[in-house]
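J.: Quick one: the structure is below, and I'll ask about it shortly.
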């Protein structure tokens, strides 16, 4: 029984690493695809064929869109909620945040990077989905919210 539990814990730790490595590779391939499509567009412009230029522009646009989608998927996949079956819901100042959200995993170490003011006494910047929350860690109450700031 102990071996089974240990194996399950090892698998739970290994799976997120594998998934993020795969996403990083997908993003790298998408970047290469965008570069190749740009080169094809330049070649079509040199040849002067309007039909080819139009088609290559469409290919470049599609490759860029796929790259944006993969980057967004990666950002979403990197955030792990501290509670099972938690779903994001926008919060306002005064909302009481549950304690696991202001554990070290969600703390913002360098708030200047996100262009937000320094936290005051007994306050901490917390990542909540893609939002940044200024939380009073003594009461758990949200003091200030910056929506879609974590990117």
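J.: Sort through 121, 127, 149 and tell me the only one that's within 18 Å of residue 82 (Cβ to Cβ) and either touching a helix residue (DSSP H, G or I) at 6+ places or on another chain (Cβ under 6 Å) or loosely packed, with under 14 Cβ neighbours inside 10 Å (or both).
T.: Values: 121 fails: within 18 Å of residue 82 (Cβ to Cβ); 149 fails: within 18 Å of residue 82 (Cβ to Cβ).
None of the others qualify; the one that does is 127.
J.: Of the numbered conditions (1) on the phi > 0 side of the Ramachandran plot; (2) surrounded by 11 or more Cβ atoms within 10 Å (Cβ to Cβ), residue 94 fails exactly one; give the number of that condition.
T.: Answer for residue 94: the failing condition is (2).
J.: While we're looking at this one, here's another question. Please go through (1) in contact with a strand residue (DSSP E or B) (Cβ under 9 Å, 6 or more places away or on another chain); (2) not in a loop (DSSP other than H, G, I, E, B) for residue 119 and return the number of the only condition it doesn't satisfy.
T.: Of (1) in contact with a strand residue (DSSP E or B) (Cβ under 9 Å, 6 or more places away or on another chain); (2) not in a loop (DSSP other than H, G, I, E, B), only one is false for residue 119: (2).
Values quoted throughout were computed directly from the atomic coordinates according to the rules given, and no laboratory measurement underlies them. Please read these numbers as outputs of a predicted model, since none were measured by experiment. Please note: Cβ atoms are built from the backbone with ideal geometry, for glycine as well, and neighbour counts cover all protein chains shown.
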